[in-house]
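Below: one structure, written as structure tokens.
Just so it is clear, none of the values below were taken in a lab; they were calculated from the coordinates. Given the structure is predicted, the values throughout are model-derived calculations rather than measurements. Note: ideal-geometry Cβ built from the backbone for every residue, glycine included; neighbour counts use all protein chains shown.
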Amino acid sequence: MLKGGYFINHGNERPPVWQSEDWWACFLGWFILVLAIVSLKEIEAGKWAVGLLPAGPKIAKWTSLGAAFPKGFGVFLWQSVILFAFMAVITAVGGIFMKFDLKRYIPGFVVIYVLALIAMVLSKQAFFAKWGIEYVIFALIFGLIISNIFKVPQLLRAAGQTEYFIKIGLVCMGAGILFSDVLRGGFMGLVQAVLVATAVWFMTYWICRKFQVSERFSAIIASANAICGVSATIAAGGAIQGDKKEVSYMVAWVLVCAVVLILVMPPIAKWLDLPNNWAGAWVGGVIDNTGAVVAAGGIIGGDAAYKVAAMVKMAQNVLIGVAAFLMALWSTMSLDRKETGAVERPSFMEIWYRFPKFVVGFIVASIVVSVFVEPVSGLKAVKAVGSATKTYRNWFFALCFVSIGLETNFKELVSVGGGKPAIAYWISQTANAVWTLFITWILWSSTFFPAVIPPD
């Protein structure tokens, strides 16, 4: 029922649409996508570009810092300012409705944006780029340094809107998930994703429960390990109404684990003498970060490793919406009733309220690009739209990870739950690597099925 403009259910107030973080993530993500589509134009035969959206500052791979700015530092600085202004304005519009403290949010956003910008530049340094040390790692480190060495200023706390930023980024990410890509080469990746995700989720959940981790936290850890890391963690946390600190804790561990796996998995693949398509499928199924997956594929070497790794990770991303729905259903039908002692089954509307709306934004973005843009304008036009939305996805992710660092105490990261969640996660991740190796042997070794993408 409604009371004072808020939905009331079991004593919990639900904000109306215009005050919902999830819906504002959808609105802003869709706004970015619409600007990209309506300004799409063919600048020459077969080459498309997006006109209205501010372009992200161009940063090249570099060994000496001057080489990082291919169009010159002045152009880089101007593009950075324009992008900042655009992102600050649109997020502040949502913030007005969500009652942000804008006097603190705006100056705090400046600081977080600058830290994200530095993280972007550092990630392009040749050594870091080679080993897949992405901008999100640096963004997290910057936030952690501030939160663990200094006292976080109130303006940074006001601007550190972790979930707001990542949800907008995830909606933008949906524009890069094309049905045609899935159908062309992703069927085997989808089969792998389903087989791995299902088994690993239940295995991880069981291990976590054996370590006496709570049911909701176990579900968050299981989703992070089984599906696709950060995105799945956020979606699962929203679907089951998990503790935000536990969500942030898990996101931090996902990033730490990704760095470790980048360093460990490619040498193991070479030691096992895996063909590079099989090795790509293995790292794509285990590493829970898209950029880290691509980096690991690059370290393995060969075009097949890169393609298969990216394809498998894309297939796992497709499962985000399905997983979020199932967990929202499980939470309302089982967990909530168990905790409250309720006898009545919750209504469909309760499940809908619980479902993370930014996942709807993600799905709608994918449908719009796949069903409307690609058939009308073609694949090259779609790639231009995808490139533009990917830029914003990356920037919102960078802002998010600075914010995560700002709200994460490293001592707490290690000691949460007496260290049991961390132990359970790493044991589960090891088991995940073994199980995924087995599944990829069946699907990608050419022992049972012809290779969709052969090794090179």
Item to check | Peptide ranges 446-456, 110-120, 249-259 listed from the most packed, as the mean C-beta count within 10 angstrom indicates | outcome: 249-259, 110-120, 446-456
Next on the checklist: Going by Cα centres, the range 151-227 and the range 368-442 are how many Å apart?
Outcome noted: 6 Å
Checklist outcome for this item: Residue by residue through the range 382-398, the couplings from Karplus 6.51 cos²θ - 1.76 cosθ + 1.60 with θ = phi - 60°, in Hz, x for Gly and Pro, are 4, 5, 5, 5, x, 5, 5, 5, 5, 4, 6, 4, 4, 5, 5, 4, 4
Item to check | Share antiparallel - DSSP beta bridges, the chain, percent rounded to 5 | outcome: 90 percent
Checklist entry - Which whole-number percent gives the relative contact order of the range 93-245, counting Cα pairs below 8 Å spaced six or more residues apart? => result 17 percent
Checklist entry - So which of LYS151/LYS357; LYS61/LYS151; LYS167/LYS380; LYS124/LYS380 end up more than 32 Å apart, counting from Cα to Cα? => result LYS151/LYS357; LYS61/LYS151
Checklist outcome for this item: Residue span VAL81 to PHE449: 0.36 nm per residue of separation minus Cα-Cα distance leaves a gain in nm of 127.3 nm
Item to check | Anchor LYS270: lysines whose Cα lies under 19 Å away (excluding residues fewer than 8 positions away in-chain) | outcome: LYS130, LYS307
Next on the checklist: Can you classify the range 118-159 as rounded, prolate or oblate using the Cα gyration tensor, where a ≥ b ≥ c are the square roots of its eigenvalues, rounded means a/c under 1.5, and otherwise it's prolate if a/b beats b/c and oblate if not?
Outcome noted: prolate
Checklist outcome for this item: Given backbone amide H placed at 1.01 Å from N, residues whose amide H is under 5 Å from that of GLN125, ignoring those fewer than 5 places away on the same chain, are TRP62
Checklist entry - Rounded, prolate or oblate: which one fits the range 1-141, using the alpha carbon gyration tensor with axes a ≥ b ≥ c (rounded when a/c is under 1.5, else prolate when a/b beats b/c, else oblate)? => result prolate
Next on the checklist: Please list, ordered by chain and number, the residues whose modelled amide H lies under 5 Å from the amide H of VAL152; skip anything fewer than 5 residues away on the same chain.
Outcome noted: none
Checklist entry - When only C-alpha pairs under 8 Å and at least 6 residues apart count, what is the relative contact order of the range 7-444, in percent? => result 27 percent
Item to check | Mean residue ellipticity (222 nm) of the chain, computed from DSSP H runs ≥ 4 via -39,500 (n - 2.57), nearest 500 | outcome: -22500 deg cm²/dmol
Checklist outcome for this item: Simple SL model, points at 7 angstrom along Cα→Cβ for LYS411 and ALA126; separation in nm is 4.2 nm
Checklist outcome for this item: HN-Hα couplings for the range 165-180 via Karplus (6.51, -1.76, 1.60; θ = phi - 60°), in whole Hz with x for Gly/Pro, come out as 5, 6, 5, 4, x, 5, 4, 4, 4, x, 5, x, 9, 9, 4, 5
Checklist entry - So if we plug the beta-carbon distance of LEU65 and ILE268 into 1/(1 + (r/R0)^6) with R0 = 60 Å, what FRET efficiency do we get, rounded to 0.05? => result 0.95
Item to check | Viscosity 1.567 mPa s, 4 °C: Kirkwood-radius Stokes-Einstein D of the range 380-428 over Cα pairs, µm²/s | outcome: 95 µm²/s
Checklist entry - How large is ³J(HN,Hα) for each residue in the range 404-410, as worked out from phi by the Karplus curve 6.51 cos²θ - 1.76 cosθ + 1.60 (θ = phi - 60°), to whole Hz, x for Gly and Pro? => result 4, x, 5, 9, 10, 8, 4
Checklist entry - R0 = 30 Å: FRET efficiency of VAL191 with ILE367, Cβ-based, nearest 0.05? => result 0.85
Item to check | Alpha-carbon centroids, the range 250-285 and the range 293-332: separation in whole Å | outcome: 13 Å
Checklist entry - Taking 0.36 nm per residue of separation and subtracting the Cα-Cα distance, what length does fully extending SER334 through GLU42 add? => result 99.9 nm
Checklist entry - Simple spin-label model, 7 Å along Cα-to-Cβ: ALA49 to PHE438 in nm? => result 5.3 nm
